[in-house]
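> Right, I'll just put the structure down here and ask away after.
The values are calculated or read from the model by the stated rules, or taken from the named source; none is laboratory data. As the structure is a prediction and not an experimental result, all values here were calculated from the model. Ideal geometry is used to build each Cβ from the backbone, glycine not excepted, and the neighbour counts take in all protein chains shown. Accessible surface is based on the protein model in full, side chains and every heavy atom, while ligands, DNA and RNA are left aside. Shrake-Rupley method; radii C 1.70, N 1.55, O 1.52, S 1.80 Å.
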Amino acid sequence: MTLHTPKAMLHATLPAEHARLLRYFSRRVGREAAPDLVQEVFARMFGSGTLDRIDNPPAYLTRIARNLLIDRSRQKRRDCTVFFPFDENRDAASRAEQTWRIEAADLLRLYRQAVRAMPPKTRRVFVMHRLRRMTYKQIAEQIGISVATVEYHMMRALARCRAAIAEQR
């Protein structure tokens, strides 16, 4: 048996490669896991069915070792589960969707009442801005007042809305 055949070269380098891979894995994952990973490298190599085509066994084994570490890293990332302890004092239970809808309907009813109770000019300015999406300048031109007066009416309207909500609570 000469060292010129690929299988003969492989068998001659196995003991040295085993020691080298053991050092390689020991530095990267620790001494406990290194022997299992070295065994996995050799199992993958022998299971590949390409033993007679390997020209450079050390390089081939190193590539398998790197791929094994990459696979292991991906697996750890996939299996990583984060648990957050439930703290009743800090984590409040979420409200039911139905409760939110009822509160939204109540708020809309309150909002409409507040708009109806506004003086006519303030209500008109508010509706033009909030519902028709007109700018202050457009409102001022259409009604024939200054932009400052539009701002005044908007402040009054918003103050009435806030007051109506504060009274409800």
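> Regarding residue 15, is this residue out of contact with any helix residue (DSSP H, G or I) (no Cβ under 6 Å at 6 or more places or on another chain), open to solvent by less than 100 Å² (accessible area, probe 1.4 Å), in a helix (DSSP H, G or I) and modelled with pLDDT of 90 or more?
Details: out of contact with any helix residue (DSSP H, G or I) (no Cβ under 6 Å at 6 or more places or on another chain): yes; open to solvent by less than 100 Å² (accessible area, probe 1.4 Å): yes; in a helix (DSSP H, G or I): yes; modelled with pLDDT of 90 or more: no.
When the stated conditions are applied, residue 15 does not pass them.
> Sticking with this one: Being surrounded by 10 or more Cβ atoms within 10 Å (Cβ to Cβ) and at pLDDT below 80 is the filter here; which residues of the range 55-94 pass it?
Once the filter is applied, which keeps residues that are surrounded by 10 or more Cβ atoms within 10 Å (Cβ to Cβ) and at pLDDT below 80, the range 55-94 yields only 91.
> Of all residues being more than 35 Å from the chain's Cα centre (by Cα), under 17 Å from residue 58 (Cβ atoms) and in contact (Cβ under 8 Å) with a residue 12 or more places away in the chain in the range 24-47, which is surrounded by the most Cβ atoms within 10 Å (Cβ to Cβ)? Just the residue, please.
Here the residue is 38.
> Can you list residue pairs whose Cβ atoms sit under 6 Å apart, with the first residue in the range 117-135 being within 14 Å of residue 145 (Cα to Cα) and the second being in a loop (DSSP other than H, G, I, E, B) and among the hydrophobic types (A, V, I, L, M, F, W, C)? Count only pairs 6 or more apart in sequence or on different chains.
Listed pairs, sorted by first residue: 128/134.
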